[in-house]
Amino acid sequence: MGEDGRERRPFRVPVVRRRWPQLGIAAACAVVLVAAAYFVVTTTNGCASGLHRAGPLDECVGVTDGPGEFGLSDGQGGFDGSLRVVQDKIAAENARVRRISREQNKPYVSIAYFSPLTVAKPDTTTIEAVRRGLEGTYVSQLRANADGREEWGGNLPLIQVLLANPGSRSAQWEPVVEQLRQLAEPEENGRLVAVTGLGQSLAGTRDAINRLSQHGIPMVGAIITADKFATDPAAAEAKGLLRVAPPNSAQAGALVKRLEETQLALVVWDRNEDEVFARDLANAYEAAYQQRGGKLVRGEPFDSAQLATANTFPAMVPNICLKRPDVILFAGRLRELKPFLNALSSRSCTELKMRVLITDSVVDVGGDPEIQRSLESGITLEYSQLAAPEAWRAAPQYFPRRSTEYFIPGSTATAVFQQEFPGESIDDGLAIVTFDALGVASTAARRAVHNNKFGEKLPSADGVAAEFDRMSDTGAVDGASGWLSFDTETGRPDSKALLVFRVTKEIGRPVSSVPVVISETGTPYLP
């Protein structure tokens with residue numbers, strides 16, 4: 001909303017109007033009420049419409065279109081107050097979409113952003129990361145609904161974004177997925193046609209993905225990197241899932257290519273059963289390193305489920321000094337990397353230079369002051385990141401300007417992200433990959449309309465899923481994190497651009513951070 005109380009129009013390019021058949025206008029008034037109905041008998045104290053209190057943290061979980069109270073900002077399971085600005089923006093854009101649909105008889109569909117929107121200890125994410133994920137999704141929604149511009153595959157149907165909160169670590173995923181299933185059923189304006197986001201590679205994420213797949217709801221993961229989400233190791237990849245991020249095997253393979261001069265590696269890995277990402281990454285490291293002919297020494301495990309995880313790292317260091325690896329492959333998250341590097345910086349074998357690799361995907365690892373202090377002991381850190389402005393500068397040929405301009409000041413799209421969220425950083429890449437995830441889903445929804453042989457103007461979840469099979473090569477999507485061409489069997493991105501930093505720090509001197517853009521095949525995908 002503007003200061004004058006009127007609804008904002010993010011772009012003012014003249015509209016090219018088209019006539020569309022009547023599409024159940026009466027049903028356009030409140031798709032979210034369907035979600036609310038599922039929990040009509042549950043407690044909604046302090047939660048927005050469609051949300052309810054659940055779980056040991058008493059979180060506001062469920063599906064909403066954005067407006068209203070989001071729970072108490074008291075650390076007891078409510079939505080954090082710092083999310084209010086972006087939530088209100090999404091709610092306002094959704095209201096604009098519904099108004100245009102009523103007044104101009106234009107169709108619209110809903111795409112849900114499914115990801116933990118409440119954070120509690122010992123989460124592996126932060127409220128800042130949650131906020132940036134929402135901000136990227138919102139800017140992508142603005143691009144999809146831009147007046148007078150055909151973006152993300154066209155200009156119709158319009159896109160409404162629903163917020164689906166499965167709670168901290170996606171622990172309350174099951175009732176939320178049931179709400180989404182019900183929202184996909186109506187054959188009318190506002191029907192749910194896809195889910196994006198999906199959060200981190202945790203057990204709750206895996207279970208939600210499998211249930212959504214069973215319901216036939218197509219998904220686009222923004223940051224999930226575990227190679228497989230099927231509970232049964234022998235089962236096929238979850239059907240109807242596309243990924244913006246290259247999986248752990250691709251990232252590990254790309255990083256290991258940079259280790260040709262090494263002969264001996266040691267894996268430090270997290271045995272926490274809920275950490276699908278870490279266990280999967282450890283396996284990917286081992287397979288990639290052995291495939292190139294390197295030797296692995298006995299690994300060093302830790303358990304992030306334990307409260308005193310940091311206490312286990314100093315005990316590892318004497319073994320590391322004894323084994324003297326050329327490189328340490330760290331299979332864990334930033335939260336555990338920091339105490340590990342701190343322990344390693346106090347090693348007795350100070351003459352041994354340490355090289356540590358990690359794939360934390362959407363964290364600006366090298367920018368962390370605590371990590372930089374640890375590097376001063378002779379540690380070199382290399383880490384991959386799914387997206388960051390440095391990639392656009394290091395190898396601009398792999399990143400479509402049409403998408404990156406939404407983030408770059410002075411571009412033809414006037415840097416929408418900076419206009420909407422002044423002062424917010426995009427360095428960790430979270431806003432960039434969530435921008436792409438919604439873009440892929442919106443593109444598929446519009447292609448489903450264009451390719452519908454029955455001439456229907458409102459796509460279904462099935463129709464969107466069918467378009468996933470054609471989003472490769474000439475059907476690739478112009479993502480800000482790189483071109484997105486998907487393998488039709490696995491849903492993984494082909495040779496996806498990956499940013500790798502090599503970071504060193506000497507006492508009394510600035511940190512040295514050298515970026516390079518690579519892929520699992522060596523060269524990122526270009527159409």
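General remarks:
- Solvent-accessible area per residue for segment 319-472 (1.4 angstrom probe, square angstrom): 36 Å²
- Calculated on alpha-carbon atoms, Rg and Dmax of segment 429-498 in Å: 12.5, 40
- Between ALA287 and THR523, the FRET efficiency from the beta-carbon distance, with R0 = 22 Å, is close to 0.50.
- Diffusion of segment 365-492 by Stokes-Einstein, at 10 °C in a medium of 1.306 mPa s and with Rh set to the Kirkwood radius over alpha-carbon pairs, works out to 94 µm²/s.
- Long-range amide H partners of TRP152 with built H, under 5 Å: none
- Spatial offset of segment 329-344 relative to segment 439-487 amounts to 39 Å, using the alpha carbon center of each.
- Sequence of ASP274, ASP147 from largest to smallest accessible area, 1.4 Å probe: ASP274, ASP147
- Cα centroid separation, segment 237-254 to segment 256-317 (Å): 19 Å
- Residues whose amide H comes within less than 5 Å of that of VAL268, counting only those at least five positions distant or on another chain, are GLU300, LEU329, PHE330, ALA331 (H built at 1.01 Å from N in the peptide plane).
- Flagged links, alpha-carbon separation over 21 Å, of LYS228/LYS323; LYS257/LYS295; LYS338/LYS505: LYS228/LYS323
- Solvent-accessible area, 1.4 Å probe, carbon plus sulfur percent, for segment 270-416: 48 percent
- Accessible surface of segment 446-527, 1.4 Å probe: 49 percent of it comes from carbon and sulfur atoms.
- Probe 1.4 Å - accessible area at TRP269, Å² to nearest ten: 70 Å²
- The residues of segment 123-276 expose on average 27 square angstrom of accessible surface per residue, using a 1.4 Å probe on protein heavy atoms.
- A protection proxy built from the mean count of other Cβ atoms within 10 Å ranks the segments 286-295, 99-108, most packed first, as 99-108, 286-295.
- Computed over protein heavy atoms with a 1.4 Å probe, the carbon and sulfur contribution to the accessible area of segment 172-267 reaches 45%.
The values are calculated or read from the model by the stated rules, or taken from the named source; none is laboratory data. Because the structure is a prediction, the values reported are computed rather than measured. Don't worry about glycine lacking a Cβ; one is built from the backbone with ideal geometry, like all the others, and counts go over all protein chains shown. Accessible surface areas use protein heavy atoms only, side chains included; no ligands, DNA or RNA. Shrake-Rupley method; radii C 1.70, N 1.55, O 1.52, S 1.80 Å.
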